[in-house]
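Before any comments, here is the structure.
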Amino acid sequence: MTATVTCDYAKVQSILDGHGNDPARLISILQAVQAEYRYLPEEALAYVAEALNLPPARVYGVATFYAHFALEPKGRHVVKLCDGTACHVRGSMPILEAIRKRLGLTGEKVTTDDMAFTVETVSCLGACGLAPAVVIDEEVHGQVTPEQAVTLIEAIIEKDKEASHV
Amino acid sequence: MCNCATPGNRSNATAVQTVDLNQVKDAYTQAASVCSRRIVICAGTGCMANGAMKVFDAFHIALQEQGVRVLTAIDPDEPAQASEADEMVLHLSKSGCQGFCQMGPLVSIEPDGILYTLVRADDVADIVGETILKGALVDRLLYRDPQTRQVCRGPEEIAFYKRQTRQVLKMCGAIDPENIAEYISLGGYSAARRAYLMMSPETVCEEITESGLRGRGGGGFPTGHKWELTRVQPGPKKYVICNGDEGDPGAFMDRSVMEGAPHSVIEGMMIAARGIGADEGYIYVRMEYPLAVARVRRAVTDAEAAGILGDDLFGSGLNFRLHVMEGAGAFVCGEETALIASIEGKRGMPKPKPPFPAERGLWDKPTVINNVETLATVPIILREGAKALRGIGMPNSPGTKTFALTGHVANTGLIETPFGATLRQIVYEIGGGVLNDAGAPDPRGFKAVQIGGPSGGCLTPDHLDLTLDYDALRDVGAMVGSGGLVVMNQDTCMVSVARFFMQFTQNESCGKCVLCREGTRQMLALLDDIMEGTATEETLDLLKKLAIAVQKGSLCGLGKTAPSPVLSTLHYFRDEYEAHVRDKKCPAGQCKALADPEILADRCVGCTACARKCPVGAIQGYRKEAHVIDVAKCVKCGVCAETCKFDAIIGV
Ligand SMILES: Cc1cc2nc3c(=O)[nH]c(=O)nc-3n(C[C@H](O)[C@H](O)[C@H](O)COP(=O)(O)O)c2cc1C
Ligand code: FES
């Protein structure tokens with residue numbers, strides 16, 4: 001299954017209108033577009049550039065500069081493993097390895113073929129007091145062990161399976 | 001004494017009524033007085049992750065079951081009336097981070113001064129039954145000092161809190177961050193009011209200069225001086241920016257302040273705006289901090305609704321509008337010129353300075369940019385006087401500093417001490433000592449404490465009594481930085497720590513200047529060689545040379561400071577680097593490529609488990625006889641050591 005979203009320009013336009021079609025607010029606009037599609041579809045970028053009267057290179061340049069922007073579709077569940085200093089010294093790497101192994105992912109391949117999971121590392125979630133920390137779908141889990149991380153992932157897989165049976 | 005602002009012409013009659021702070025304060029105090037007790041659930045990120053919201057809900061239910069009337073918000077506009085039928089009315093509220101993250105979820109009960117730790121939803125019935133209804137303590141939920149075994153009733157008896165001086169964090173963890181009236185009831189916005197009605201821009205800048213406040217964002221630049229430089233710039237349009245990007249991985253002080261006391265940051269910005277003559281401001285918050293973004297947004301909206309932010313502040317005729325912007329995940333955007341570019345909707349690339357933002361900042365207008373903690377300290381100075389700040393800390397670094405204490409230490413969390421506290425006080429008294437990899441107290445003490453994140457350096461046990469302030473730290477090749485303190489135990493490989501930071505800065509280099517972009521990449525490659533065992537002693541010299549070149553030749557602070565962790569570990573732990581390159585050994589046993597696995601014949605019982613697990617068949621041996629590893633075949637994956645139940649395999 002490939003997830004090419006054909007862009008609904010009306011939605012993009014309403015985001016642009018919500019930001020007053022102001023080129024200075026490009027970053028906020030792209031954030032809103034990404035919140036809508038979970039990534040930045042190429043057509044949406046082109047549309048934004050045209051609407052704001054900016055060179056496409058400028059919009060593309062901003063989209064590629066910031067780590068938060070994704071040009072590829074992300075999975076339905078996003079696992080963010082903290083590899084900030086505090087988490088690193090308390091052993092975040094074995095957790096990453098365990099999660100990747102369970103999902104058959106690597107440093108290059110970050111999204112599962114069924115588009116269920118994307119696994120990424122981030123530098124510091126600001127939950128260092130709970131190191132090592134992992135955020136799954138916006139929920140922070142602290143003092144995680146590799147085994148617990150795999151259990152969390154499996155619980156989500158189970159839940160998805162049940163949901164698809166209903 | 002002061003040049004009072006002349007009230008401007010109020011052109012439209014429907015302008016928001018100017019807020020009467022005293023009235024809000026009295027109304028809040030009155031509304032809160034119906035409650036005999038207050039239960040505060042820490043809703044900082046740490047406690048939330050440990051289930052604080054479940055505890056909150058459990059309290060709500062349990063109290064209602066007992067017929068206790070619960071108020072979850074004190075609204076001075078619609079105060080709750082105590083009726084005859086209520087035997088007891090309680091205030092149940094959430095707070096920002098209370099700091100003792102390791103022990104969360106935390107529940108404090110006021111005015112009793114009780115702090116319960118590691119509270120689960122199941123514990124709530126006991127707290128309600130014993131403490132709320134009978135006034136007794138639930139011993140098992142009290143903190144027990146690991147050294148003295150003493151049970152502590154509350155913060156006043158807990159070493160972690162006792163040794164701190166909480167000024168900026170005082171409200172964080174006590175008040176309801178989403179209730180502007182409570183902030184006002186504690187004197188909030190009175191400093192801003194004073195600045196707008198009773199002080200001139202000059203006197204605002206003077207008072208901040210006199211306090212000796214230095215920027216908490218890393219550089220330690222005198223804040224009053226920065227404001228004065230901006231104040232004297234001509235032109236009607238100026239900006240104030242709050243830097244809430246907090247990029248140092250391993251730091252969360254600014255996050256906690258934004259989440260726990262967002263109004264103190266807004267008040268600080270209003271005062272800065274008055275000092276320099278700005279009428280517009282931005283709070284730039286890291287996108288990784290969704291709760292901080294939400295709390296700051298809410299605080300701005302509430303302050304506008306209360307008539308505190310917006311037009312005609314306190315009837316002065318002056319305006320201040322505040323915008324909140326979320327970052328998009330780039331460390332370099334913490335650098336002030338890059339942050340400005342980012343607000344302008346561009347790639348966050350730093351610009352050469354001068355011109356400094358004070359002359360040409362946001363949209364080329366004079367701009368003051370300050371760190372969250374700096375701004376949160378400002379109202380305290382105006383409320384308590386410049387001398388009060390000077391009364392604590394060091395002559396050249398007055399006041400307090402918050403630190404995020406993390407890593408291999410018993411009490412991780414958010415702390416605040418006067419400048420000039422020593423590492424010994426922080427790690428051993430507040431932090432409760434060092435932990436080994438298994439999480440047990442480690443009598444060997446720490447190997448290093450990393451301060452200042454990827455721009456900082458490390459401190460060693462030789463620095464235990466060094467006073468932590470801007471100048472003392474700079475002298476030993478480290479820096480206060482944002483305030484991340486990462487404690488590392490004896491089993492930490494310092495080369496790998498240096499590599500960790502190098503990878504971070506290499507990743508985050510914006511790519512604009514060659515030395516930073518290519519230099520960090522090459523340094524990373526050299527560190528990899530060292531860890532893989534392919535380096536020689538010359539590599540160390542080359543690494544050092546390159547580090548100095550990057551330091552000298554980079555445009556912005558990112559590149560200039562990126563080599564610091566390497567230079568500082570090379571300086572203090574040269575022997576560890578040498579062991580890697582000369583003996584091809586990692587003294588901490590962490591570098592996989594240098595592992596030297598061995599099976600201890602006297603421990604091996606010949607269970608064959610390791611031989612079966614080894615992915616490359618490098619382990620040989622008969623059942624019930626000691627096994628051996630063929631080091632030539634071994635890929636040093638470590639599976640055998642993990643498998644062995646008898647701890648017979650070492651060195652991997
Ligand atoms: C690479 C880099 C990252 C920075 N990150 C931050 C940051 O996250 N937060 C911050 O307040 N200052 C950061 N700074 C410092 C800012 O450039 C600026 O000096 C600071 O915000 C000024 O505020 P202050 O005077 O109140 O400290 C960073 C600087 C550099 C070079
Ligand atoms: S280092 Fe992981 S949350 Fe800060």
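The values are calculated or read from the model by the stated rules, or taken from the named source; none is laboratory data. The shown structure was predicted, so the numbers you read here are calculated from the model rather than taken from an experiment. Quick reminder, even Gly has a Cβ in these numbers, built from the backbone with ideal geometry, and neighbours come from all protein chains shown.
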Close pairs from segment B:241-256: first closer than 19 Å to residue B:173 by Cα and more than 8 Å from chain A (Cβ to nearest Cβ), partner within 12 Å of ligand 2 (Cβ to nearest atom) and acidic (Asp, Glu), Cβ under 6 Å, at least 6 apart: B:254/B:246
Filtered residue count, segment B:334-373, keeping only those that are within 11 Å of ligand 1 (Cβ to nearest atom) and in contact with a Cys (Cβ under 9 Å, 6 or more places away or on another chain): 11
Residues satisfying the stated conditions in segment B:25-64, i.e. β-branched (Val, Ile, Thr) and either touching a Leu at 6+ places or on another chain (Cβ under 6 Å) or within 14 Å of chain A (Cβ to nearest Cβ) (or both): B:39, B:45
Answer residue from segment A:74-94, given it is assigned to a helix (DSSP H, G or I) and surrounded by fewer than 24 Cβ atoms within 10 Å (Cβ to Cβ) and is nearest to ligand 1 (Cβ to nearest atom) among those: A:93
Segment B:240-256, residues that are within 16 Å of ligand 2 (Cβ to nearest atom) and not aromatic (Phe, Trp, Tyr): B:244, B:245, B:246, B:247, B:248, B:249, B:250, B:251, B:253, B:254, B:255, B:256
Residue list for segment B:39-56, filter: β-branched (Val, Ile, Thr), closer than 21 Å to residue B:68 by Cβ and touching a helix residue (DSSP H, G or I) at 6+ places or on another chain (Cβ under 8 Å): B:39, B:41, B:55
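How many residues are within 16 Å of ligand 1 (Cβ to nearest atom) and exposed (fewer than 15 other Cβ atoms within 10 Å of the Cβ) when one looks only at segment B:508-553?
Looking only at that region, the number is 3.
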Helices (runs of 4 or more DSSP H) lying entirely in segment B:334-400 (those with 3 or more residues that are closer than 30 Å to residue A:62 by Cβ and among the aliphatic types (A, V, I, L, M)): B:336-343
Residue in segment A:120-142 that is away from ligand 2 (no atom under 14 Å from the Cβ), of a type outside the set (Val, Ile, Thr) and surrounded by 12 or more Cβ atoms within 10 Å (Cβ to Cβ) present: no
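Restricting attention to segment B:233-247, which residues are within 10 Å of ligand 1 (Cβ to nearest atom) and either small (Gly, Ala, Ser) or within 9 Å of the chain's Cα centre (by Cα) (or both)? Full working, then the answer.
Narrowing segment B:233-247 to residues within 10 Å of ligand 1 (Cβ to nearest atom): B:241-247.
Correct list: B:244, B:246, B:247.
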Qualifying residue in segment B:615-625 (condition: outside the structural domain of residue B:527 (by TED's automatic domain parsing), of a type in the set (D, E, K, R) and touching a residue at least 40 places away in the same chain (Cβ under 8 Å)): no
Restricting segment A:124-161 to residues that are of a type in the set (D, E, K, R) and at negative phi, the residue that is farthest from ligand 1 (Cβ to nearest atom): A:161
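Please find, within segment B:65-105, the residue that is nearest to the other protein chains (Cβ to nearest Cβ) out of those that are among the β-branched types (Val, Ile, Thr) and touching a residue at least 24 places away in the same chain (Cβ under 8 Å). Walk me through how you get there before you give the answer.
Here is the first cut: in segment B:65-105, the ones among the β-branched types (Val, Ile, Thr) are B:68, B:70, B:72, B:74, B:89.
Narrowing further to those that are touching a residue at least 24 places away in the same chain (Cβ under 8 Å): B:68, B:74, B:89.
Working: B:68: 31, B:74: 28, B:89: 33 Å.
Step by step, filter segment B:65-105, then rank; the result is B:74.
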Any hit, segment B:504-520, residues being within 16 Å of ligand 2 (Cβ to nearest atom) and among the hydrophobic types (A, V, I, L, M, F, W, C): yes
Residue within segment B:314-334 that is in contact with a Leu (Cβ under 6 Å, 6 or more places away or on another chain) and within 12 Å of another protein chain (Cβ to nearest Cβ) present: yes
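Would you mention how many residues in segment B:153-176 are over 17 Å from the mean Cα position of the chain (by Cα) and in contact (Cβ under 8 Å) with a residue 24 or more places away in the chain? Break it down into steps so the answer makes sense when it comes.
Taking segment B:153-176 and keeping what is over 17 Å from the mean Cα position of the chain (by Cα), we get B:153-159, B:162-163, B:174-176.
With in contact (Cβ under 8 Å) with a residue 24 or more places away in the chain added as a condition, the list becomes B:153-156, B:158-159, B:163, B:174-176.
Here the count works out to 10.
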